[in-house]
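Notes follow the structure.
Throughout, read-outs are computed from the coordinates displayed, never taken from laboratory work. No experiment lies behind these values; they were computed from the predicted model shown. Don't worry about glycine lacking a Cβ; one is built from the backbone with ideal geometry, like all the others, and counts go over all protein chains shown.
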Amino acid sequence: MPVGMDLRGKRVLVVGLARTGVATSLFCAARGARVTATDSRTEGEIGEAIAKLKGSGVTLELGGHRENAFLEQDLIIPSPGVPADETHLQVARAKGITIWSEIELAYRFMKGRMIGITGSNGKTTTTSLVEHILKTAGMQTILAGNIGPPLIGCVDAMKDDTWTVVELSSFQLELIDSFRPNIGVFLNLTPDHLDRHHTIEAYGGAKARLFENQLGDDAAILNADDAATTPYAPSLPRVYWFSRKQRVAQGAYVRVEEIVFRHDGAEEVLLKLEDIPLAGAHNVENVLAAAAAARLAGSPAAAIAKGVKTFAGVEHRLEFVAEIGAVRYYNDSKATNVDATLKALDAFPGRILIILGGKDKGSDYTVLQKPLREKAILALLIGAAAEKIENQISGSVALERAETLERAVETASHAAQSGDVVLLAPACASFDQFQNFEHRGRVFKDLVRQLEKQAAGASSGKR
């Protein structure tokens, strides 16, 4: 159980006033803390949250960060978008001031049990699927973290019988102290966020903190097929594996056309591969991980099978948008790194027109050459990373510098033929042209739906 904490009278600084920062400020203020919130943006740029913060007695320091504000605190909670090595945080850390991520603070007040899920790719799909299965099994659930409301905003809704299923990023995990999930899932590890973590070792180490505080009756679930992840298997909790390629000692694996759960030598068939509604081999891995976590949480096999069969998928993750003139359009805006784009390409047999680009995260795009050569017929490049991507994939596929998403969709619609797939799988962050990957995905879908209306209008005009 969490160790508890009394915030009354504590001086708390919240750094960054995006969704998590606002929720954290309001939470602390409601529990009697003396809260200061700082953001580099102005009041006008932050918008409607300002009124709520002022109404709750939060002191605001906007338009920049004042060093003394960091040195006058008992506790500092940086938002996930604030690097842990930010200059003011380093100064505060040197003075011995406690610095936690929002999930650490939330953990101190939680009730019930928790499943925490991290990894470079597949987190959102797996987290959503686990929660859906548990709900199918009749359990009380809360979905939180990167996927939805911040964990701290869900604390008041938790009860002793609640299972909280949380998507966790490396940014959140690198600043924990006592945070401990009952079941921790580490899906995979591929280069990502190197602009922030600098090395793959630091990035992987941050994610592996998921297991750091687990005890002997907790469970850790890892990908047996991912060589980068397996070294992070912890020693204290019970370790379970998932695999598409091999039988595992404990956990979930594929046996012929079935998913089997193995525990203490006994094997139980959970569902058939043909029952998985999601495209791509990577989604088989996501289902394996979700099935293992749900089974360990107490969901019966029948509920797991039903939950997987009825899972509709997640927005912006290989999301089917429309079929126009026998051309299918898919939104995978969540493919914000190269490995996610590789998985998206692998989900289709070929004839792909792919939209790539955005804000570079220090990625190596040369690994896209082979699958692009085999699967794609045109790559449309957008955003700040377009030139780097062009230099690294040149010669593997026909290229066009579309610059904007609007032009990329328009060009693809003219170039695509019957049976082709137009795929947004950018391999980059979105912040050069969009607010976030969700915004980018929504814009893509709006553009496709405009094409759909135009095609319908043209078709009716011919009658």
- One quarter of the C-alpha convex hull surface, i.e. the mean projected area of region 60-145 in nm², amounts to 7.8 nm²
- Of the candidates T230, P277, L318, the farthest towards the positive dipole end of the chain (Lys/Arg Cβ +1, Asp/Glu Cβ -1, centred on the Cα centre) is P277
- Message: Could you tell me how far the Cα centroid of region 166-190 sits from the Cα centroid of region 394-443, in Å?
- Response: 31 Å
- Determine the dipole magnitude for region 331-463: charges of +1 sit on the beta-carbon of Lys and Arg, -1 on that of Asp and Glu, nothing else is charged, the reference point is the Cα centre, and the result goes in debye to the nearest 20. 420 debye
- Item | Dipole moment magnitude, nearest 20 debye, region 299-401 about Cα centre, only Lys, Arg, Asp, Glu C-beta charged | 260 debye
- Task: Return the sequence-ordered ³J(HN,Hα) values of region 91-103 in whole Hz as given by the Karplus equation 6.51 cos²θ - 1.76 cosθ + 1.60 applied to θ = phi - 60°, using x for Gly and Pro.
- Result: 5, 5, 4, 5, 8, x, 7, 5, 10, 10, 7, 4, 5
- Query: Each residue of region 334-345 in order: what ³J(HN,Hα) in whole Hz does its phi give by Karplus 6.51 cos²θ - 1.76 cosθ + 1.60, θ = phi - 60°, with x for Gly and Pro?
  - Reply: 6, 6, 9, 9, 5, 5, 5, 5, 4, 5, 5, 4
- Task: For the chain, give the magnitude of the charge dipole about the Cα centre (Cβ charges: +1 Lys/Arg, -1 Asp/Glu; no others), in debye to the nearest 20.
- Result: 700 debye
- Task: Scan around A33 for amide H atoms under 5 Å from its own, H built in the peptide plane at 1.01 Å from N, and keep only partners 5 or more places away or cross-chain.
- Result: G9
- The orientation-averaged projected area of the Cα convex hull of region 280-390, in nm², is 8.5 nm²
- Message: From the phi angles alone, apply the Karplus equation (6.51, -1.76, 1.60; θ = phi - 60°) to region 54-62 and give each ³J(HN,Hα) in whole Hz, x where the residue is Gly or Pro.
- Response: 5, x, 8, x, 7, 7, 10, 10, 10
- Query: Rounded to the nearest 500 deg cm²/dmol, what is the calculated helix-only ellipticity per residue at 222 nm for the chain, with -39500 (n - 2.57) per DSSP H run of length n ≥ 4?
  - Reply: -10000 deg cm²/dmol
- Highest average packing first - 102-113, 409-420, Cβ atoms within 10 Å: 102-113, 409-420
- Ratio Rg/Rh, restricted to region 208-324 and using Cα atoms, in which Rh is the Kirkwood radius: 0.99
- Message: Rounded to two decimals, what is the ratio between the C-alpha radius of gyration of region 282-329 and 2.2 N^0.38 Å?
- Response: 1.50
- Task: Select from I200, I142, G184 the residue farthest towards the positive end of the dipole of region 117-228; place +1 on Cβ of Lys and Arg, -1 on Cβ of Asp and Glu, and compute about the Cα centre.
- Result: I142
- the chain: equivalent-ellipsoid semi-axes (sqrt of 5 x gyration tensor eigenvalues, Cα, Å): 36, 30, 21
- Sorted from largest down, give the three principal axis spans of the alpha carbons of region 309-451, whole angstrom values. 38, 31, 31
- With a 20 Å threshold on alpha-carbon distance, the violating pairs from K245/K375; K361/K388; K135/K343; K123/K334; K95/K207 are K245/K375; K135/K343; K95/K207
- Cα-based convex hull, region 391-463, per residue volume (Å³, whole number): 111 Å³
- For region 65-221, divide the Cα radius of gyration by the Kirkwood radius and give the resulting Rg/Rh value with two decimals. 0.98
- Query: Can you work out D for region 330-383 in µm² s⁻¹ from Stokes-Einstein, where Rh is the Kirkwood radius over C-alpha pairs, the temperature is 37 °C and the viscosity is 0.692 mPa s?
  - Reply: 288 µm²/s
- Task: Once every Cα of region 1-42 carries one equal point scatterer and solvent is ignored, give the base-10 log of I(q)/I(0) from the Debye formula at q = 0.14, 0.18 Å⁻¹, two decimals.
- Result: -0.33, -0.51
